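Here is the structure we will look at, set down as structure tokens.
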Amino acid sequence: MGLLSIIRKIKKKEKEMRILMVGLDNSGKTTIVLKINGEDTSVISPTLGFNIKTITYQKYTLNIWDVGGQRTIRSYWRNYFEQTDGLVWVVDSSDLRRLDDCKMELDNLLKEERLSGASLLIFANKQDIKGALTPTEIAKVLNLEAMDKTRHWKIAGCSAYTGEGLLEGFDWLVQDIASRIYMLD
Amino acid sequence: MEDEDNEEQTLQKKHQLMLERLSARHQTRLETRKPDPSDSSTTSAFLSRFNDSKKSIAAKIESSTDPSRLPDISAAISDLEKFVAENSYLLPSYEIRSSLKTISDLKQSLENLTSQLIPKKKFSFKKSKPTKTQIPQPDTVSVPEKTTSYPIRDSPGFRHKQNQVLVQNFKGSEIGEFTISDLDSCEVKLIGCVNALFLNRLKNCKIYAGPVVGSILMEEVEDCVFVLASHQIRIHFAKRSDFYLRVRSRPIIEDSDGVRFANYCLKYEGIEEDLAVARLDEETGNWANVDDFKWLRAVQSPNWSILPAEERVGDVDLANLR
């Protein structure tokens, strides 16, 4: 029995999904995770290192790895790539100046072989801020249409501040992963 | 009495059994998840192998005097990093963190060695974005703001000014995010609440701002004074600047030095209501809890300090300025 089938079996039993949250600093990764878990989001310090949250979502257990986005610690992202089922890339839609940085880091990430099977959800966060780019505009800037055809991806607008759009995004992600891993469902 | 004892005993027995079951389950989980049967799959084996490599690399760094050996050492560190990454799924998070810390220390000492052996490299430290060199970049030319494949509108803000006093009142405005960039010797007064504030490339400026409901992001500032209140603040590439802050979370600095911190001291008519709206009406004391991402150690970072009380400006009342 190959390793992959063992993992599939374990995961099937536990209905577990491993989700990696990444994006530039100040994009709102931690706020999204806490908001979706119904926790207080009014006091969140920039993430030094990473947080892990286990959330029961529908009938699945999500292990969400929320990794700090500061430049100094971005090189450690790759330590979290193994076994990732879903990748959530968070964009600060109001940070017009760093969209190039954002695109570059995302492009680098998607070259990563260990993430090649992961479903990709792009959150165009901070839609509550006036002047923020819309998800369609973000998709154009990031040139998402040019992505590898085998990748399952979706872009969704959201506001971690109000909570709007978060569930829709995660619904898609979880369904997409489930349809790949748990074919029988 | 006896009954109670008996009950307790059975309960204890049950508890014991449960613990055994749990530990057995944990064990089988660990075993089934083994990526390969090599000796690296248990924590202790991992640690011993990790420590061996670490010692050998450290020894190499210590004894090296020949610049041509640097790439070898760098490769060895990368291998070690890869080794940790491969095992990260199995390791307790403390081990992951401490291993990563060790690796970053090794990288730091290699960097120090490199700058000793190849003095020319010192120049790259002065560049504004030194850490970028770690990441393999497809486009080595730094891209100016306007060359994105898709035209992006500018956010509202103050840009490219010298020796001016700039005032913006957000009250009743539709502005969500505001940018202040490329200013030299200016004084900026922002009144009212705004959602997000971006500050870039400022020299010798004084920035006074009412509460920011979301976050402040700052890059490349020097010889400035900031009086700011916000939920989050991130300070990058700052030099010789003073920050008078009120923040709900811990302020962070990265690639900065000579920065000093004190508590928020801004006054203008109606600031109390603005602070209350932004939920910043209470002093949190967080202005002194600075995290330095370039100094992940328990001892105080040399890059920042508390501004001595006698050097603080005292209350700044925007009505009295100029």
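The values are calculated or read from the model by the stated rules, or taken from the named source; none is laboratory data. Computed from a predicted model, the values in this text were never measured in an experiment. Cβ placement follows ideal geometry from the backbone for every residue including glycine, while neighbour counts extend to all protein chains displayed. All accessible areas refer to the heavy atoms of the entire protein, side chains included, with ligands and DNA or RNA removed. Shrake-Rupley method; radii C 1.70, N 1.55, O 1.52, S 1.80 Å.
Descriptive notes on the structure:
- Comparison of A:Thr150, A:Thr136 shows that the only residue that is among the hydroxyl-bearing types (Ser, Thr, Tyr), open to solvent by 40 Å² or more (accessible area, probe 1.4 Å) and not in a loop (DSSP other than H, G, I, E, B) is A:Thr136.
- Each residue in the stretch B:295-322 was checked for being away from chain A (no Cβ under 14 Å) and open to solvent by 60 Å² or more (accessible area, probe 1.4 Å), and 13 pass.
- Any hit, the stretch A:20-28, residues being modelled with pLDDT under 90, under 30 Å from B:Glu283 (Cα atoms) and of a type in the set (S, T, N, Q): no
- Looking across B:Ser74, B:Ser98, B:Ser56, one residue alone is in a helix (DSSP H, G or I) and within 23 Å of the chain's Cα centre (by Cα). It is B:Ser98.
- Answer from B:Leu280, B:Leu307 - the residue that is farther than 25 Å from B:Arg201 by Cα, of a type in the set (A, V, I, L, M, F, W, C) and in contact with a strand residue (DSSP E or B) (Cβ under 8 Å, 6 or more places away or on another chain): B:Leu280
- Lone unmet requirement of (1) closer than 18 Å to A:Val43 by Cα; (2) open to solvent by less than 30 Å² (accessible area, probe 1.4 Å) for B:Arg250: (2)
- Single unsatisfied condition, A:Leu173 versus (1) surrounded by fewer than 21 Cβ atoms within 10 Å (Cβ to Cβ); (2) more than 11 Å from chain B (Cβ to nearest Cβ): (1)
- The set of residues in the stretch A:44-60 being loosely packed, with under 15 Cβ neighbours inside 10 Å and of a type in the set (Val, Ile, Thr) consists of A:Ile52, A:Thr54, A:Thr56.
- All positions within the stretch B:184-201 that are under 16 Å from B:His160 (Cβ atoms), outside any strand (DSSP E or B) and open to solvent by less than 10 Å² (accessible area, probe 1.4 Å): B:Cys186
- Looking at A:Ala139, A:Ala160, A:Ala124, just one residue is of a type in the set (Gly, Ala, Ser), touching a strand residue (DSSP E or B) at 6+ places or on another chain (Cβ under 7 Å), within 11 Å of chain B (Cβ to nearest Cβ) and over 19 Å from A:Ile44 (Cβ atoms), and that residue is A:Ala139.
- Checked against (1) over 23 Å from A:Ala160 (Cα atoms); (2) surrounded by 22 or more Cβ atoms within 10 Å (Cβ to Cβ); (3) not basic (Lys, Arg), A:Ile64 meets all criteria but (1).
- Unique residue being surrounded by 14 or more Cβ atoms within 10 Å (Cβ to Cβ), within 14 Å of chain A (Cβ to nearest Cβ) and of a type in the set (D, E, K, R) when the list is B:Asp242, B:Asp292, B:Asp274: B:Asp292
- Inter-residue pairs, beta-carbon under 9 Å, first more than 7 Å from every other protein chain (Cβ to nearest Cβ) and in the stretch B:84-96, second among the charged types (D, E, K, R) and assigned to a helix (DSSP H, G or I), 6+ apart: B:Asn87/B:Glu95
- In the stretch B:171-183, residue farthest from the other protein chains (Cβ to nearest Cβ) [restricted to those that are part of a strand (DSSP E or B) and open to solvent by less than 10 Å² (accessible area, probe 1.4 Å)]: B:Leu183
- Listing of helices (runs of 4 or more DSSP H) fully contained in the stretch A:1-84 that carry 1 or more residues being of a type outside the set (Asp, Glu) and under 18 Å from B:Asp292 (Cα atoms): A:71-74
- Matching residues, the stretch A:93-126, being touching a Ser or Thr at 6+ places or on another chain (Cβ under 7 Å), open to solvent by less than 10 Å² (accessible area, probe 1.4 Å) and assigned to a helix (DSSP H, G or I): A:Leu99, A:Leu115
- Tally, over the stretch A:88-114, of residues that are more than 13 Å from chain B (Cβ to nearest Cβ) and without any contact (Cβ under 8 Å) to a residue 60 or more places away in the chain: 0
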